[in-house]
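Asker: Quick one: the structure is below, and I'll ask about it shortly.
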């Protein structure tokens, strides 16, 4: 015995599809994955953040109301999303630095498959002046984004009224002679154990893990590496 065929009408299709459409509309939409800022230090001169960017995440760079210094803590590829124009992917080694001019960048992203970590320093009291970041030397080209070349372990650049420098101090080695230094931010790239031979007591030993920071008040210092490995760090002196 043959079953009678029931024609599929438009009204019947609507009754079947409409509940499914309503269900899909009520399902939560997937939000873009976000990285994480952690405030490490804040004073009248700087705000310093640790930035963790897991794979396929991004953050808005709200700190870019100031000039910003981005320091890579490990090898990574950072996508810089400008306020205007196309995004740029920047290959960075541990210790590479980029200066981002105020209001020039909308966000940062990690479009790779590996987690990456950075230190982000907002320069509250200083800024890159007209004519600076002119890309006149290899270090300046790298820091200002005019070149894809990586920084050496030892370098220095004066910009925006501050001096940025990279240092690598082997075990048992000390900087030659004591020197007077202005207020400075120190960012550790490796484990750092420095003995200030001009200081006494608890303030004489500076011990930091990779990615930790320390504010150093102005004064005379002479650091010696008392650790077992080469100490790599970056300073920003004001």
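The values are calculated or read from the model by the stated rules, or taken from the named source; none is laboratory data. This is a predicted model, so every value here is computed, not measured. Virtual Cβ from ideal backbone geometry, glycine too; neighbours counted across all protein chains shown.
Asker: Would you pick out the residues in segment 65-80 that are in a strand (DSSP E or B) and closer than 13 Å to residue 128 by Cα? Even if it seems obvious, please write down each step before you answer.
Answerer: So the first thing to find is which residues in segment 65-80 are in a strand (DSSP E or B), and the list is 67-72, 76-80.
Once the filter is applied, which keeps residues that are in a strand (DSSP E or B) and closer than 13 Å to residue 128 by Cα, segment 65-80 yields 67, 68, 69.
Asker: Go through (1) within 21 Å of residue 59 (Cβ to Cβ); (2) in contact with a helix residue (DSSP H, G or I) (Cβ under 6 Å, 6 or more places away or on another chain); (3) loosely packed, with under 14 Cβ neighbours inside 10 Å and name the single condition residue 113 misses.
Answerer: Among (1) within 21 Å of residue 59 (Cβ to Cβ); (2) in contact with a helix residue (DSSP H, G or I) (Cβ under 6 Å, 6 or more places away or on another chain); (3) loosely packed, with under 14 Cβ neighbours inside 10 Å, residue 113 violates only (2).
Asker: Now for a different question. Can residue 157 be described as in contact with a helix residue (DSSP H, G or I) (Cβ under 8 Å, 6 or more places away or on another chain), buried (at least 19 other Cβ atoms within 10 Å of the Cβ) and under 24 Å from residue 44 (Cα atoms)?
Answerer: Numbers: in contact with a helix residue (DSSP H, G or I) (Cβ under 8 Å, 6 or more places away or on another chain): yes; buried (at least 19 other Cβ atoms within 10 Å of the Cβ): yes; under 24 Å from residue 44 (Cα atoms): yes.
Against the criterion (in contact with a helix residue (DSSP H, G or I) (Cβ under 8 Å, 6 or more places away or on another chain), buried (at least 19 other Cβ atoms within 10 Å of the Cβ) and under 24 Å from residue 44 (Cα atoms)), residue 157 qualifies.
Asker: For segment 92-102, does any single residue satisfy the condition of being outside any loop (DSSP other than H, G, I, E, B) and more than 20 Å from residue 188 (Cα to Cα)?
Answerer: yes
Asker: In segment 137-159, is there at least one residue being in a loop (DSSP other than H, G, I, E, B), on the phi > 0 side of the Ramachandran plot and over 18 Å from the mean Cα position of the chain (by Cα)?
Answerer: Residues of segment 137-159 in a loop (DSSP other than H, G, I, E, B): 137, 144-154.
Add one more test, that the residue is on the phi > 0 side of the Ramachandran plot, and what stays is 145.
Narrowing further to those that are over 18 Å from the mean Cα position of the chain (by Cα): none.
Checking segment 137-159: not a single residue is in a loop (DSSP other than H, G, I, E, B), on the phi > 0 side of the Ramachandran plot and over 18 Å from the mean Cα position of the chain (by Cα).
Asker: Checking the condition at pLDDT below 95, crowded, with 16+ Cβ neighbours inside 10 Å, farther than 28 Å from residue 66 by Cα and touching a strand residue (DSSP E or B) at 6+ places or on another chain (Cβ under 9 Å), which residue from 178, 199 passes?
Answerer: Values: 178 fails: crowded, with 16+ Cβ neighbours inside 10 Å.
When all the criteria are applied, what remains is 199.
Asker: Based on what the data block shows, is residue 175 in contact with a helix residue (DSSP H, G or I) (Cβ under 7 Å, 6 or more places away or on another chain) and touching a residue at least 24 places away in the same chain (Cβ under 8 Å)? Give the derivation first.
Answerer: Details: in contact with a helix residue (DSSP H, G or I) (Cβ under 7 Å, 6 or more places away or on another chain): no; touching a residue at least 24 places away in the same chain (Cβ under 8 Å): yes.
So residue 175 does not fit the description; no.
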